[in-house]
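Asks: Here you go, one structure.
The values are calculated or read from the model by the stated rules, or taken from the named source; none is laboratory data. As the structure is a computational prediction, the values presented were derived from the model and not from experiment. Here Cβ is always computed from backbone atoms with ideal geometry, including for glycine, and neighbour counts include all displayed protein chains. The accessibility values were calculated without ligands, DNA or RNA, using every heavy atom of the protein model including side chains. Shrake-Rupley method; radii C 1.70, N 1.55, O 1.52, S 1.80 Å.
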Amino acid sequence: NLVDGAGHALAVIPVGAARLRSVLEDAGCEVLESDRTAGGMGATLAAGIAASARATGWIVALGDMPAIAPRTIEQVRQGLEAGAILAAPFDAQGRRGHPVGFSAHLRDELLALDGDVGARDIVARHAAEIMRIESDDPGIFIDIDARADLDRLPEL
């Protein structure tokens, strides 16, 4: 869905994860193997940003959220292309979902990430600058943490 919605996807994976690499490449992703994945989500994200430092923005999508519709991802991309510093889908109740788009304006903050927090603090610091994309896509909240979650996915 990420490739369909964004036009390109870079997946950052642990070094030597051959089976995962194969699956991701078959899905159309560019793959970066990095030992920084051991440092957590923030370190992994920083590795991906460093590997694509010339990009004008990034849509940060989590591998455990496979049900986000390509149209939602496309809308986040369009928000960045329109000049947003941050862009993200929100439901009718005002809850922010995923993925979140980051403009190149935030490159240095993204490169400084480390540990397992991810970009949550960056989003909080720039909350007033988020382009809110209204969405009725339930996939923006569907997180696969256990086999039972995956088994229910077709029902959602």
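Asks: Is there any pair linking a residue in the range 106-118 that is without any contact (Cβ under 8 Å) to a residue 60 or more places away in the chain to one that is exposed (fewer than 14 other Cβ atoms within 10 Å of the Cβ), with Cβ under 8 Å and at least six apart or on different chains, and which?
Replies: The qualifying pairs are R107/A53; E109/R125.
Asks: Residues that are aliphatic (A, V, I, L, M) and in contact with a strand residue (DSSP E or B) (Cβ under 8 Å, 6 or more places away or on another chain): which strands (runs of 3 or more DSSP E) entirely in the range 1-113 hold 3 or more of them?
Replies: Those strands (runs of 3 or more DSSP E) span 10-13, 86-90.
Asks: So, one more: (1) of a type in the set (A, V, I, L, M, F, W, C); (2) open to solvent by 30 Å² or more (accessible area, probe 1.4 Å); (3) in contact with a Pro (Cβ under 8 Å, 6 or more places away or on another chain): which one isn't true of M65, the others all being true?
Replies: With (1) of a type in the set (A, V, I, L, M, F, W, C); (2) open to solvent by 30 Å² or more (accessible area, probe 1.4 Å); (3) in contact with a Pro (Cβ under 8 Å, 6 or more places away or on another chain) applied to M65, the lone miss is (2).
Asks: Pick from the range 114-156 the residues that are outside any strand (DSSP E or B) and β-branched (V, I, T): which of them is surrounded by the most Cβ atoms within 10 Å (Cβ to Cβ)?
Replies: I140
Asks: Between a first residue in the range 131-156 that is at pLDDT 85 or above and a second residue that is open to solvent by 70 Å² or more (accessible area, probe 1.4 Å), which pairs have beta carbons less than 7 Å apart while being 6 or more apart in sequence or on different chains?
Replies: Sorted first by the residue in the range 131-156, then by its partner, the pairs are P138/L156; I142/L156; I144/L150.
Asks: Then there is this: Are any residues in the range 71-89 open to solvent by 10 Å² or more (accessible area, probe 1.4 Å) and among the β-branched types (V, I, T), and if so, which ones?
Replies: I85, the sole residue that qualifies.
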